[in-house]
Amino acid sequence: MLWRLDIILLLFLVATALGVYVTKDLMAASIIFSAYSLTMAIVWQQLSAPDLALTEAAVGAGVTTVLFLITISKTVRRED
Amino acid sequence: MIVQKLGANFNYVIATLLFCIGLFTVITKPNLIKKFMGLNIMEASVFLFIVSVGAVREGSAPIVVKGMEKGVQFVNPLPQALILTGIVVAVSTTALALALMIKLYEQCGTLDADELKGMEE
Amino acid sequence: MEVYDIRPLLAPLISLVCAVLIFWLGDNTFLRRLFSISSSVLKWMIVMSMFPASLRGVVYVTELLPFARGIGFILRVDALGMFFAVLSSTLWIITTVYAIGYMEGEHARKRFFAFFAICVSTTVGVAFAGNLFTLFVFYEMLTIATYPLVIHEETPDAMKAGRKYLVYTLTGGSLILFATAMTFYLAGTVTLSENGILSLQHGVNTLFFLFVLFIMGFGVKAAIMPLHGWLPSAMVAPTPVSALLHAVAVVKAGVFGITRIVYNVFGFHLIKQLVVHFSGVAISAGSLLALAAAITIIGGSLMALLQDDFKKRLAYSTISQLSYIVLGVALLAPSGAMGGIVHLANQAFMKITMFFVAGAIAKKTGKKYISQLHGIGFKMPITLATFTVASLGMIGLPPLAGFITKWYICLGALEAKQAVFVAIMLISSFLNAAYFLPIVYRGYFVKPVDGDTAVSEAHWTLLAPCIICALYVIALGLFADLPFVPLALAREAMTTFLR
Amino acid sequence: MAGVSGHFPILIVVVPLVGAALTPLIGHWRRRLCMPWAALVMLFTFAMTAFLGVRLSLHGPIGYHLGSWEPPFGIEIYFDYVAALTFVIALFGFLVIIFSKRYVEKELEEAKISTYYTLILLILAGMIGFVVTGDMFNLFVFLEIISLSGYALIAIGGEKLTAMAAFKYLLVGAISSLCVLLGVAFLYSITGTLNMRDISHMLTLTDATRVASVALALFIVGFAVKAAMFPLHIWLPDAHALAPSPVSALLSGLVVKTGIVGMIRVLFNVYRINGPLNYGPVLNIMAWLAGITIILGAFFAFFQNDIKMMFAYSTISNIGYIVMGLSLASYFGIVGGLIHVFNHALIKTTLFLCAGAIIYKTGYRKLADLQGIGKKMPITMGAIVIAAVSIVGIPPTAGFICKWFIILGAIEAGKPVLAGMLLLGSLFIVAYYVKIINAAFFREPVHEITEVDEAPASMLIPIVILAIGCLLMGVFAYAPLAFIRPAVTGFLR
């Protein structure tokens, strides 16, 4: 039954990626990107890569998002 | 038949799809921050692909636990070690890029690639 | 017989050292002159020291480090190379004296004399090159070293001429490089040999293509029409440059290259067999080259007739005269080859006299156009006398130098059973007379416009070279067959090549 | 292999890396010591590479297994004939550091000086590692080290638009790195190893040629971006022209070569010309693209009026030379390509350092402003002339050698048209170098640059050494050929 979860997760990845693409508000986009990274972390757990999952959760979802947010706060918030 | 094949390679299909979405974002979005989100999506998709290559269905994590019986199938640990390096590289690239963007914004007052291009001339 | 010796290297090196010294200390006029003259004399002595042995058929060789399989710097003094080296080193002394007088008061003399020395160094290098590769190296260096001399005036005109010069010659150089590489690929070597290095087994069409490439490459400097465009415009350079480089070094390097290609790369026998059939018409390499030369001889003369600028007229005359040499070589007959090689020297001495005269007149009176030269013979009788000697030589009047050439080339044409070229030579002689004699006539028989007929010759540094060269023109004709004259060397070269 | 010298293959990477790590600390303690420290580190590395080079020429390639793990499990450093390039990297790195001293003091803020030397050491370490590693993944890692420090170095000057140039480079560079990574992953998925020689061996056994082909395509695209091959060259001119001059010298002379070395590794060490995958058509396309690169690079360079911009475009066309030589896949062609990797590094480093010296002294960089500079800075301009003559390929200078070999290679491969393209390109190249030389020597100055004199000795010495190198390497070409010949023989086996 577990592979169903995999499929849902993977589809969710696609959805978040598209979300990043369409969102005009950069702040929102970076939050969605964070969700993308977190989902990715879970996928990696599913693929039996716990160390990667941990790193991705911390670095991908955490640090990168924070960096994005800092940049956005210092520059522009909207895309156009 | 096609569905079966698709199911067996579902990870790869998704990875490719994500790669394309990322690339599309990089190419079409004028905003530099957005471009970089796209690049991050691309990177993650490549990592997903590589880990999927090493993954064995129903294999266990490559960690030796006490009292483990022999013959357990491990997933291949090498790709994961590579990806770990890859993630670090990706985040440092992102950090550098974002620092550049802040600098660029201070100098030019915009992060729109088209406007910046106009400024270059 | 080959003898290993350092002198072939020493001869080009000495003027290179001279150039470095001039760059370094050349701001001092005395030192600059000292270096220029002493190195030219020294070089002449080195070259001449090899002369007697060379006449006996000794070949001096210097091999420098080869840097890749089959390719390296080889300097090899055979009779033909010796001939060219004697020619250029002799003329360098004379021209240096002339240049010192002519450049008095001009700007950037340090640069001028330094590059002048480099040019002569590379010319001797071309003469001594023992393989195509070395030949190409010196040939390209010559191009580059001439550029600052061509644009010496730094006027927009000069810059334009310089650009044109580079475009033409470097394109030619590229073709030579390509052809050299192809030769290396086909023959496995680029070392010049007395009877050629290529053979028919490479395929007639390939060889013909290669031949055309080489001729087009060297033909730029040899000013074969239609590749001659750079030569007339390069006349903006100071006269010593025009004289030495455009009558001796640069153009002769092209002609010399063609001679090398025909006799030492392809070889006399191979060229004779090189016939391609193009849509039913048989074209032989030799006759193609001879045809191009014939067209240039006539075309150059006709163009010369139209020029009023003194140096331009001389330039077109050069174009025409150079093709005598090419024609002589292309006839592939013993006498023709000999006439061509001898004309390397004859044309040089005659043309350099004329350029010296043009320069002396321009320097003294500021007159650059032929239409201004009324009565110049009253003011500068000796100068014009030397010019007259040279023009009569050019026309081919016996016993002057030009006659020897024409005699041998006509003989060659008959030997090759191509009598049409005898006719070409005759027409060309007529045209020579048509564009040179009016100058002489105007100088001696038309009274100057201002009526001033007081004799005022140019400075001796300008006059002496004219006289020496004119005497040489007479000597080359009168004593052509004495053993210690270039003719003997030319004969030696010819007999080895056509064996 | 006894004693410390046995560990040299890894030390040449580790020493500059550790040196880079220590530079900020030293800078924190005494800022003035940064430059001597960096120079010392590089000199030391240089000595080691020289030792390895001699060893290589005497005993052949040196394999080194990290932590004594035999490949394919451990990481292998393989000091082969291509790796002899480390010698050049270390030497030029050293010269560039010497040159940087005065330049950096003038052009950079004081706080950035230690960062600057850190990044320089890092990029050099990355390059040395890239060249010597025998492991595909390490190739990627070192590529990223080079790229990241490269992006930062371009932007360090803080001039207007440098951030833009760096960003452009970063974006394209990141995508190209991803391509390389993906290529590595593909290869790993079909061979199960990351060691180059193992992969090469496994490729002969596997039948997954389609995957291998895709991986090859990814590698070529990835490295072509790094090497700035047409049509992936757009990032280069800005990046190389706007960076501080010593950095431009490093980038143009050496860093673009990582793309080339990457191609060499992939094409000749991993896939092999006579290997199972027949990639002749790919090479053919590359050769034609290289021809276009040569001509276009030279063509655009002609219309620039900024000297650094000219040099940057000239780099593009020279990369075309190299790629053409390599992709001819004939003995002479590859020899020509490889020797130009070295010769172009020499020439372009000279040119950019000279440009740096001129900008340092006058503050001008446009050709129109620099008229008559040749009389004021004769040594610097003389070096430019030597380098220009050399890059144009006038014998007997360094640039001629490669031209000769590549043309020979084109004829050998039966593609004389490519040789024609190369010659045409080199004629274009003449055109814009003549422009520079004319402006510098044969025109009257427009600006009052009377008080300008020669650059300081710390700048002149590297320039003079390199310019003499440009001259000597034409005559003593057998020295690099001693390393290149066996390398090419190995490729063609």
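What to note about this one:
- Peptide D:12-24, shielding by other chains (average Cβ, 10 Å cutoff): 0
- Lysine pairs meeting the criterion (Cα under 16 Å, 8 or more apart or interchain), as found in the stretch D:279-493: 9
- Between the listed residues C:Leu64, C:Leu471, C:Gly130, the Cα displaced farthest toward the positive end of the dipole of the stretch C:2-497, a dipole computed from Cβ unit charges relative to the Cα centre, is found at C:Leu471.
- Computed lengthening from C:Leu414 to C:Tyr4, 0.36 nm per intervening residue step minus Cα-Cα distance: 143.6 nm
- Scattering profile of the stretch A:2-74 at q = 0.23, 0.27 Å⁻¹ [log10 I(q)/I(0), Debye over alpha-carbon scatterers]: -0.97, -1.15
- Among C:321-329, D:31-39, D:254-262, the peptide with the highest mean count of other Cβ atoms within 10 Å heads the list, and the full ranking is C:321-329, D:254-262, D:31-39.
- The stretch C:1-62, relative contact order in percent, only Cα pairs under 8 angstrom and at least six apart counted: 63
- Every helix of 4 or more DSSP H residues in chain D counts as -39500 (n - 2.57), and over all residues that averages to -25000 deg cm²/dmol at 222 nm.
- Coupling constants for the stretch D:463-471 follow from the phi torsions by the Karplus curve (6.51 cos²θ - 1.76 cosθ + 1.60, θ = phi - 60°), and in residue order they are 4, 5, 4, 5, 5, 4, x, 4, 6 Hz; glycine and proline get x.
- Peptide-level mean, for D:129-140, of C-beta atoms on other protein chains within 10 Å: 1
- Compactness of the stretch C:145-195 as Cα Rg over 2.2 N^0.38 Å, two decimals: 1.66
- When each of the peptides D:16-23, C:199-206, C:116-123, A:25-32 is scored by how many other beta carbons lie within 10 Å of its residues on average, the order from highest to lowest is C:116-123, D:16-23, A:25-32, C:199-206.
- Chain D has equivalent-ellipsoid semi-axes of 34, 27, 20 Å, by the square roots of 5 times the alpha carbon gyration tensor eigenvalues, sorted largest first.
- Nearest-ten-degree value, helix C:7-25 long axis tilted from longest Cα axis of chain C: 40
- Counting charges near D:Ala455 (Lys, Arg +1; Asp, Glu -1) among other residues having Cβ under 10 Å from its Cβ returns a value of 0.
- Kyte-Doolittle mean at least -0.5 and Cα axial length at least 27 Å: DSSP H helices in chain A: A:2-22, A:26-46
- Computed over chain C, relative contact order equals 15 percent, with contacts defined as Cα pairs under 8 Å that lie 6+ residues apart.
- Rg in Å to one decimal, and Dmax rounded to a whole Å, for chain C via C-alpha atoms: 21.4, 71
- Radius of gyration and maximum dimension Dmax of the stretch D:1-122, Cα, Å: 16.2, 50
- Electrostatic dipole magnitude of the stretch C:2-497 [Cβ: Lys, Arg +1; Asp, Glu -1; Cα centre; debye, to 20]: 460
- Neighbours of C:Asn264 by Cβ distance under 13 Å: Lys/Arg scored +1, Asp/Glu scored -1, total +1.
- Rounded to two decimals, the Cα radius of gyration of the stretch D:149-192 over 2.2 N^0.38 Å is 1.62.
- Peptides ranked, highest mean first, by Cβ atoms within 10 Å: ranges C:250-261, D:415-426, C:278-289: C:250-261, D:415-426, C:278-289
- Of the three principal axes defined by the Cα atoms of the stretch D:279-493, the extents in descending order read 59, 33, 22 Å.
- Rg and Dmax over the alpha-carbon atoms of the stretch C:336-440 stand at 15.5, 50 Å.
- Within-13-Å neighbourhood charge of D:Val96 [Cβ basis; K, R +1; D, E -1]: +3
- Calculated from backbone phi, Karplus (6.51, -1.76, 1.60) coupling profile of the stretch D:415-432 in Hz, x at Gly/Pro: 10, x, 4, 5, 4, x, 4, 4, 5, 4, x, 5, 5, 4, 4, 3, 4, 7
- For C:Tyr60, residues with placed amide H under 5 Å, excluding near neighbours: C:Val3, C:Val77
- Peptide D:431-441 has a mean of 2 when you count, residue by residue, the C-beta atoms of other protein chains within 10 Å of its C-beta.
- Computed log₁₀ I(q)/I(0) - Debye formula, equal Cα scatterers, no solvent, the protein assembly as shown, q 0.05, 0.09 Å⁻¹: -0.41, -1.05
- From its DSSP helices (H runs of at least four residues, each -39,500 (n - 2.57)), chain C gives a residue-normalised ellipticity at 222 nm of -23500 deg cm²/dmol.
- Between helix C:250-260 and chain C: long-axis angle, C-alpha atoms, 0 to 90°, nearest 10: 20
- Convex hull (Cα only) mean projected area of the stretch C:282-379, reported in nm² to one decimal: 7.0
- Principal-axis analysis of the Cα atoms of chain C puts helix C:420-445 at an angle of about 20° to the longest axis.
- In percent, rounded to a whole number, the relative contact order of chain D is 14, using alpha-carbon pairs under 8 Å and six or more apart.
- Kirkwood hydrodynamic radius of the stretch C:73-198, from inverse mean 1/r over distinct Cα pairs, in Å: 16.1
- Karplus-derived 3J(HN,Hα), 6.51/-1.76/1.60, for each residue of the stretch D:316-328, Hz, glycine and proline x: 4, 5, 6, 4, x, 3, 4, 5, 4, x, 5, 7, 5
- Taken along its principal axes, the alpha carbon cloud of the stretch D:279-405 reaches lengths of 51, 27, 19 Å, longest axis first.
- The stretch C:171-205 and the stretch C:345-413 have Cα centres spaced 39 Å apart.
- Dipole of the protein assembly as shown, positive direction: furthest Cα of D:Leu277, C:Leu314, D:Leu143, with charges on the beta-carbon: C:Leu314
FYI, it's all coordinate maths here, none of it is from the lab. All values derive from a computational prediction rather than experimental measurement. Don't worry about glycine lacking a Cβ; one is built from the backbone with ideal geometry, like all the others, and counts go over all protein chains shown.
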